[in-house]
Amino acid sequence: MHPFTYLKVTTPQDAVRAIESAPQGARFLAGGTTLYDLMKLDVMSPPAVIDITGMPELSSMRTTGDELQFGALVPMSKVAADPRLMMLYPALSESLWKAASQQLRNMASVGGNLLQRTRCAYFRGGEPYPCNKRQPGTGCAAIGGADRGQALFGASDACNAVYPGDWAIALTAFGAQIDTISPRGSRTLSVEEMFREPGKTPEMDTAIAPDELILRIRVPASKLGRASTYHKIRDRESYAFALTSAAVALQMDGDVVRDARIALGGVATRPWRVRQAEQLLVGQALTPATARRAAEQAFEGARPGQHNAFRVELGIRTVADALQIAMKKGATT
């Protein structure tokens, strides 16, 4: 562990002023479940850590009205267990229940969860493995290497690391937005556009600048919520990252799909919404056959490597099953 300066702030404005005057490379600290881990692995070595946990205005949530709102510091466990969310937006709740362990969910914040970094073994392993995400320009050992868990979508010649989160996948399906503040002012952007594909700059995971603070997450209220689910397939049921996952939300008229949302997780360099697959369902009766066709469309364009081709068929089955699960949820609520 490298020495660093610690500072605690109590308002977003103080946080912005603190990071503006801090040495380059300073980072905000919320739950710390990602930052401390990466510091111990020597992946990140911030010269200053700015503790933002003492901000009441970022610690509240609302699940009624025309818009759901989640302060960036609300614990994952609190959002997951919200009774209204569990009933009206099960995909949002399930994406948090199926993420990490209970201890981590109690500590980790929903804002910080969006910014977790890849679990690619080459990124986290350090020397002697080259990694453009950790050290730009050194190469990518995963390309042509052990790529069982690497991306099927969104990869580049510089990086094929998977985005590991679950919450962001469900938020993407519902068209969620985030509000931020930085020394340059405030802005709003969608969760989907927040994430970047690696391109030639894989060290930049998101469009969020290092001195930019997430204030809240906003989700439009939607009739799609009731018939929704987050379906996650993993090597083991307890505390494992997705081999494939799908956040699915439906608006049904009897057995006919009137609207659909599908976002893929565990298979891409960012949350991966598949609009063509959504459109394939609209106006169709949702049967195992139509669910399978939409799922196959969702995985059109997948680019498997040497060891991860099995995840294409696994992903297709994940989406098809998620559609059936979501339809049943809508019928029983």
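Asn160 versus (1) within 19 Å of Ser222 (Cβ to Cβ); (2) in contact with a strand residue (DSSP E or B) (Cβ under 8 Å, 6 or more places away or on another chain); (3) not charged (D, E, K, R): which is the lone unmet condition?
(1)
Could you figure out which of (1) surrounded by fewer than 22 Cβ atoms within 10 Å (Cβ to Cβ); (2) at pLDDT 95 or above isn't true of Lys329?
Lys329 satisfies every listed condition except (2).
Considering each residue of the stretch 285-301, count those that are surrounded by fewer than 22 Cβ atoms within 10 Å (Cβ to Cβ) and closer than 11 Å to Thr244 by Cβ, and give that number.
Residues in the stretch 285-301 being surrounded by fewer than 22 Cβ atoms within 10 Å (Cβ to Cβ) and closer than 11 Å to Thr244 by Cβ: 0 in total.
I'd like to verify a number: residues in the stretch 99-136 that are over 21 Å from Pro202 (Cα atoms) and in contact (Cβ under 8 Å) with a residue 60 or more places away in the chain, how many?
Keep residues of the stretch 99-136 that are over 21 Å from Pro202 (Cα atoms), which gives 99-111.
The next check asks that each one be in contact (Cβ under 8 Å) with a residue 60 or more places away in the chain; those that pass are 99-101, 104, 107-111.
Counting residues in the stretch 99-136 that are over 21 Å from Pro202 (Cα atoms) and in contact (Cβ under 8 Å) with a residue 60 or more places away in the chain gives 9.
Limited to the stretch 227-240, what total is found for residues that are modelled with pLDDT under 95 and either of a type in the set (A, V, I, L, M, F, W, C) or under 16 Å from Ala80 (Cα atoms) (or both)?
Here the count works out to 2.
Pull out all pairs, ordered by first then second residue, where Cβ-Cβ is under 8 Å, the residues are six or more apart or on different chains, the first lies in the stretch 224-240 and is in a loop (DSSP other than H, G, I, E, B), and the second is acidic (Asp, Glu).
Qualifying pairs under 8 Å: Leu224/Asp259.
Going by what's in this entry, would Met194 be described as under 23 Å from Ala72 (Cβ atoms), free of Cβ contacts under 8 Å to residues at least 24 places away in the same chain, out of contact with any His (no Cβ under 9 Å at 6 or more places or on another chain) and outside the structural domain of Arg303 (by TED's automatic domain parsing)? Break it down stepwise before answering.
Details: under 23 Å from Ala72 (Cβ atoms): yes; free of Cβ contacts under 8 Å to residues at least 24 places away in the same chain: no; out of contact with any His (no Cβ under 9 Å at 6 or more places or on another chain): yes; outside the structural domain of Arg303 (by TED's automatic domain parsing): yes.
No: the conditions fail for Met194.
Looking only at the stretch 27-71, count every residue that is charged (D, E, K, R) and farther than 30 Å from Glu127 by Cβ and tell me the total. Step through it out loud before you land on a result.
Restricting attention to the stretch 27-71, the residues satisfying the condition of being charged (D, E, K, R) are 27, 37, 40, 42, 51, 57, 62, 66-67.
Then keep just the ones that are farther than 30 Å from Glu127 by Cβ; that gives 51, 57, 62, 66-67.
Going through the stretch 27-71 one residue at a time, the tally reaches 5.
Provide a single number: the residues in the stretch 56-110 that are part of a loop (DSSP other than H, G, I, E, B), more than 22 Å from His231 (Cβ to Cβ) and hydrophobic (A, V, I, L, M, F, W, C).
Selection size over the stretch 56-110: 3.
So Asp211 clears everything in (1) in contact (Cβ under 8 Å) with a residue 40 or more places away in the chain; (2) touching a helix residue (DSSP H, G or I) at 6+ places or on another chain (Cβ under 6 Å); (3) in a strand (DSSP E or B) except one condition, right? Which one?
(3)
Would you please name the residue that is surrounded by the most Cβ atoms within 10 Å (Cβ to Cβ), looking only at residues in the stretch 36-55 that are assigned to a helix (DSSP H, G or I) and without any contact (Cβ under 8 Å) to a residue 40 or more places away in the chain? Outline the logic, then answer.
Keep residues of the stretch 36-55 that are assigned to a helix (DSSP H, G or I), which gives 36-40.
Adding the requirement that they be without any contact (Cβ under 8 Å) to a residue 40 or more places away in the chain leaves 36-37, 39-40.
On the way: Tyr36: 14, Asp37: 14, Met39: 18, Lys40: 10.
Checked the stretch 36-55; the qualifying residue surrounded by the most Cβ atoms within 10 Å (Cβ to Cβ) is Met39.
If you check every pair at least six apart or on different chains, which have Cβ atoms under 8 Å apart with a residue in the stretch 140-154 that is over 12 Å from Val267 (Cβ atoms) first and a residue that is modelled with pLDDT under 95 and of a type in the set (D, E, K, R) second?
none
Could you go through the stretch 177-193 and let me know if any residue there is touching a Ser or Thr at 6+ places or on another chain (Cβ under 6 Å) and assigned to a loop (DSSP other than H, G, I, E, B).
No, the stretch 177-193 has no match at all.
The values are calculated or read from the model by the stated rules, or taken from the named source; none is laboratory data. What you see is a predicted model; the values in this text were computed from it and never measured. Please note: Cβ atoms are built from the backbone with ideal geometry, for glycine as well, and neighbour counts cover all protein chains shown.
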